[in-house]
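Reviewing the structure listed below.
The values are calculated or read from the model by the stated rules, or taken from the named source; none is laboratory data. Computed from a predicted structure; not experimentally measured. All Cβ positions, even for glycine, are placed from backbone atoms using ideal geometry, and neighbour counts span all protein chains on display. Heavy atoms of the whole protein, side chains included, go into the accessibility calculation; ligands, DNA and RNA do not. Shrake-Rupley method; radii C 1.70, N 1.55, O 1.52, S 1.80 Å.
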Amino acid sequence: MNFDVTYFVEIIPLLLGYLGITLKMALLGLVFALALAVFMAVVRVFRVPVLDWLVQLYISFFRGTPLLVQLFLLYYGLPQIFPLMVGIDAFTAAVIGLSLHFSAYMAESIRAAILGIDKSQMEAALSIGQSPLMAMRRIVLPQAARIALPSLMNQFVDMIKSTSLAFTLGVAELMARAQMEASSSFRFFESFLAVALIYWVVVVLFTRLQMMMEKRLNRAYQR
Amino acid sequence: MIRIQNLTKAYNGQKVLDGINLDIAEGEIIVVIGPSGTGKSTLLRCINYLEQPDAGIISIGDTQVDAAHASRKSVLKLRRNTSFVFQNYALFANKTALQNIAEGLITVWKKPKPQALQEAAQILSDIGLADKADSYPASLSGGQQQRVGIGRAMASHSQVMLFDEPTSALDPEWVEEVLQLMKKLAHRKQTMVIVTHEMDFARDIADRVIFMEGGRIVEQGPPQKIFSQPDDDRTRAFLRKVLR
């Protein structure tokens, strides 16, 4: 077997130097995607005229086309049509693309979770004089968050891994670095195995975090 | 003080409320009885617009809402003048007993948080659950949950409290404590409209009993009259069945 252990061990700290940019993309993407997703889910649950239709179209498009295509459209395509976007850098484009893409999935998870909350919770909130929007924010969404958490976490894990596509836009992130190392050393297996391991460990750590959050959110529901 | 005029509501062409007229005086306790599916709950739910009536006018104090042109604002005002106790309690599952009662004080009545929590604690001890302040609904018994539900309704000091079969979902052992609490409210001259199947309780507490069938008020009067010598055959037939 021709596995260069020394090279493998040495390349890991080198790659870890680029983990920051990967996580930054993923976390920024998460924040924007969640904000968009909550907005869209609420629009859909309240069936806001016109907006509801636009949101459905949006979700259909971003779920119906590959993320890679969306990223290329955003970074290479749109600036040709809208000169204002020429100045956008690859990192920003990647964050925007990831946010738009995953917000579509997250919106559907959150909408399903909201619909899973007993209708009487909303009614009780209305009965004490809260407006529908306030009832949504104070009573329904916090409960929906608990139900949506596992599937949102799934989507976040998918997003972490999908940041690797940003290397096709030229973002110097984890995958881009591994690719560079591999092609200069010709140690493809070691390089890509190292990068695979790093993604794996990161995802495992976030899954741990999810379990802790679930425990916390379940506190109110224990008999 | 509360006037309901010609309240009408239909589901898929089926009339559930067929022109209800009702005046309620301040401090009056009204118990609504009748066979199931005759619109008793719908009447309550239309009074605070949890269901939108098809037609009719509801006036409470200086708030008047006409179903023909009910604005969002007037509905909100109507709900702030009423409070509701649900059959299944419907406590906010993500909030403690204390927070359930304080929620409206903080978000609707805009009281500073410390003051709201203090008032909520006062109500909690009033309903005998001071030791359950930090318990979540899932860890309370049915009777305790419903008492918190009533406490939540009390917090808004609304002009009328609406009770939708408050003891129907309870195990028999918890019914009495909830009825006792309602009697306590009655002594304080809290205006109430109660839909219930507890006939003894109705006889005890009501100033006026209303018998509903087929979406209409068939007969109404003081409990002595309705329970011992009702005028209408339908009332008699119903009471024969439930009193036995």
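Return one number: the angle in degrees, 0 to 90 and rounded to the nearest 10, between the long axis of the Cα atoms of helix B:233-243 and the longest principal axis of the Cα atoms of chain B.
40
Given Cβ point charges of +1 (Lys, Arg) and -1 (Asp, Glu) and nothing else, what value in debye, to the nearest 20, does the dipole of the stretch B:85-244 about its Cα centre take?
380
Using θ = phi - 60° and the Karplus curve 6.51 cos²θ - 1.76 cosθ + 1.60, what whole-Hz ³J(HN,Hα) does each residue of the stretch B:207-216 get, with Gly and Pro shown as x?
Each residue's phi maps through the Karplus curve to give 7, 9, 10, 10, 9, 10, 8, x, x, 10 Hz.
Ignoring ligands, DNA and RNA, how much accessible area is buried between chains A and B, both sides summed, with a 1.4 Å probe, to the nearest 100 Å²?
Summing both sides, the interface buries roughly 2100 Å².
What is the average number of partner chain Cβ atoms found within 10 Å of a Cβ in A:117-124?
Details: counts 2, 3, 2, 7, 5, 2, 7, 15.
Taking the mean over all residues of the peptide, I get 5.
Need the list of lysines near A:Lys24 for cross-linking: C-alpha distance under 18 angstrom, and skip anything on the same chain fewer than eight residues off.
A:Lys161
How large is the helix-only mean residue ellipticity at 222 nm for chain A, computed as the sum of -39500 (n - 2.57) over DSSP H runs with n ≥ 4, divided by its residue count, in deg cm²/dmol to the nearest 500?
After summing the helix terms and dividing by the residues of chain A, the value is -24500 deg cm²/dmol.
For chain B, give the share of DSSP beta bridges that are antiparallel, in percent and rounded to the nearest 5; count only bridges with both residues there. Write out the running numbers ahead of the final one.
Details: 22 of 38 bridges.
Roughly 60 percent of the DSSP beta bridges within chain B come out antiparallel.
B:Ser83 accessible area, nearest 10 Å², 1.4 Å probe?
Rounded to the nearest 10, the figure is 0 Å².
Could you check which residue among B:Asn21, B:Asn48, B:Asn100 shows the biggest mean-square fluctuation in a GNM of chain B with a 10 Å Cα cutoff?
Top of the fluctuation ranking is B:Asn21.
Between B:Ala67, B:Ala138, B:Ala55, find the one with the highest GNM mean-square fluctuation for chain B; connect C-alpha pairs within less than 10 Å.
It is B:Ala138.
Which Cα, out of B:Gly104, A:Phe186, B:His157, lies furthest along the positive dipole direction of the protein assembly as shown (beta carbon charges, K/R +1, D/E -1)?
Result: B:His157.
Take the Cβ-Cβ distance between A:Leu197 and A:Leu68 as r, set R0 to 30 Å, and report the resulting FRET efficiency rounded to the nearest 0.05.
0.80
For the protein assembly as shown, give the share of DSSP beta bridges that are antiparallel, in percent and rounded to the nearest 5; count only bridges with both residues there.
Rounded to the nearest five, the antiparallel share is 60 percent.
Measure nothing fancy, just the Cα-based angle from helix B:172-187's long axis to the longest principal axis of chain B, in degrees from 0 to 90, nearest 10.
90
Run the numbers on the stretch A:179-223: which residues show a drop of 30 Å² or more in accessible area, chain on its own versus all protein chains together, using a 1.4 Å probe over heavy atoms?
Residues meeting the cut-off: A:Ala220, A:Tyr221, A:Arg223.
Quick check: the distance between the Cα centres of the stretch A:158-200 and the stretch A:99-137, to the nearest angstrom?
Taking the Cα centre of the stretch A:99-137 as reference, the centre of the stretch A:158-200 is 39 Å away.
Just give the residues from the stretch B:89-128 buried by at least 30 square angstrom of accessible area in the all-chains context relative to the isolated chain, probe 1.4 Å, and say none if nothing qualifies.
By number: B:Ala90, B:Phe92, B:Ala93, B:Asn94, B:Glu103, B:Thr107, B:Val108.
On the protein heavy atoms, probe 1.4 angstrom, tell me the percent of accessible surface of chain B carried by carbon and sulfur.
Reported share for carbon and sulfur atoms: 46 percent.
Using a 1.4 angstrom probe, figure out how much accessible area chain A has per residue, in square angstrom, rounded to the nearest whole.
Result: 53 Å² per residue.
Which percent of the accessible heavy-atom area of the stretch A:158-223 goes to carbon and sulfur, probe 1.4 angstrom?
C and S fraction of accessible area: 65 percent.
Assuming a ≥ b ≥ c are the square roots of the Cα gyration tensor eigenvalues, decide whether chain B counts as rounded (a/c under 1.5), prolate (otherwise, with a/b larger than b/c) or oblate.
The shape class here is oblate.
Would you mind working out the magnitude of the charge dipole of the stretch B:1-145 relative to its Cα centre, with +1 at each Lys and Arg C-beta and -1 at each Asp and Glu C-beta, to the nearest 20 Debye?
Charge dipole of the stretch B:1-145: 460 debye, to the nearest 20.
Show me the ranking of peptides A:203-211, B:231-239 by mean Cβ neighbours inside 10 Å, starting with the highest.
Sorting A:203-211, B:231-239 by mean packing, highest first, produces B:231-239, A:203-211.
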